[in-house]
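To start, the structure under review is shown below, and the notes come after it.
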Amino acid sequence: MSRRLVVAVALGLVAAAAVAAQQAGFVRTPLMDHDLTVADHHGVMARVEIDPGVSSGRHTHPGEELGYVIEGEFEIAVDGKAPQRLKAGDSFFNPAGVPHEGKNVGATKVRIVGTYFVEKVKPLTTPVK
């Protein structure tokens, strides 16, 4: 079996496990995972879908997050800042290690493209109480 095929299968299994471990109504689907020129970091692009009334839960990332709202309306609460209401066409930034939470406050599914520039050895998200 070629090395590329082994890597592709492994990434597929990791992505499937990540999707299965998520809460009902919130799905983060990895689209791309690529090494960066910054040592020990990688970039992850994901499609995020949140059903009406559902929240991501408070969490952090081991690096920066850039997000773009494709569809729907949601509120993002970042520790130390006032909550923001975002809609299709809006973008947002979450700093490394800062707890935040996104909640669908509209009547339709929220769809976001999230891009994460994170440390390789840490999980993409860590829940925070």
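The values are calculated or read from the model by the stated rules, or taken from the named source; none is laboratory data. These numbers were taken from a predicted model, which means no experiment stands behind them. Quick reminder, even Gly has a Cβ in these numbers, built from the backbone with ideal geometry, and neighbours come from all protein chains shown. Protein only, heavy atoms only, side chains kept; ligands, DNA and RNA dropped before computing areas. Shrake-Rupley method; radii C 1.70, N 1.55, O 1.52, S 1.80 Å.
Key figures
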item: Any hit, the range 90-99, residues being within 21 Å of Lys122 (Cα to Cα), open to solvent by less than 20 Å² (accessible area, probe 1.4 Å) and in a strand (DSSP E or B); result: yes
item: Every residue from the range 58-85 that is in contact with a strand residue (DSSP E or B) (Cβ under 8 Å, 6 or more places away or on another chain), farther than 27 Å from Leu36 by Cβ and among the small types (Gly, Ala, Ser); result: Gly72, Ala77
item: Tally of residues being in a loop (DSSP other than H, G, I, E, B), surrounded by 14 or more Cβ atoms within 10 Å (Cβ to Cβ), at pLDDT 95 or above and at negative phi across the range 1-55; result: 3
